[in-house]
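Structure first, commentary second.
The values are calculated or read from the model by the stated rules, or taken from the named source; none is laboratory data. In this text, all values refer to a predicted model and were calculated from it rather than measured experimentally. Cβ atoms come from the backbone with ideal geometry, glycine included; neighbour counts cover every protein chain shown. Each accessible area value is taken on the protein alone, full model and side chains, heavy atoms only, with ligands, DNA and RNA left out. Shrake-Rupley method; radii C 1.70, N 1.55, O 1.52, S 1.80 Å.
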Amino acid sequence: METGDPRGGVLDAAELARRINLLLDFEESQRGTPVPFASIEEYVASRGGSLSRAKWTYMLSGDGRRNRDTELLRLLAGFFEVDERFLLEDSDVPERIGAQLALVRSLRSARVSGFAARTFPGELSPEALRRIAEVLEEESQRGSVA
C-alpha cells in the first residue's frame, strides 16, 4: 500500500501515545465503556491494515521510536473519526474532543473530591476539600488527570 509519505508520522512516540490515549478517553466518554482492542483491530484489518496487540500496547505506552507506519496512523484516525493530521503531524486537538475531555476531567475531579469527602467525613475541612479540588484542576490542566 503506497502511503505517499515515506517518513511516516512526525510525532515522537510519547506525543503519539498521548494523542491516542486522548482519543481512547474521548471514545470511552461517548460509549460509556472502554474501546475494545478487538474493535480497533477489526476496523484496521477491514481496510487492509494490520495491528497486533503488541504493537498497540507499544503505541499506547509511548516507549520507543517514532511510528513510521503512516497508513496505520491514517486508519486509526479513521477509526476515531478525526483528521489524520492529528496523528501524523503537530496539530491541535480537535475542538469536539477537547471540549468533551474537559468535561470528562471535570466530572472525574468532582468524583475524586466527593470520594475524599465521603471517605473522611468530618475530618476534612471545607478548605481542605477546596484545596483537593484545586490540585485536581491543576493536574487536569497539565494533562496528568484524565
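Listed values, structure above:
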read-out	value
Which listed residue is modelled with pLDDT of 90 or more and open to solvent by 80 Å² or more (accessible area, probe 1.4 Å), from ARG96, ARG53, ARG85	ARG53
Residue within the range 123-144 that is under 21 Å from ARG19 (Cβ atoms), at pLDDT below 80 and over 17 Å from the mean Cα position of the chain (by Cα) present	no
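Residues checked against (1) at pLDDT below 85; (2) of a type outside the set (S, T, N, Q):
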site	(1), (2)
ARG7	yes, yes
ASP12	no, yes
GLU28	yes, yes
GLY32	yes, yes
SER39	no, no
ALA45	no, yes
GLY48	no, yes
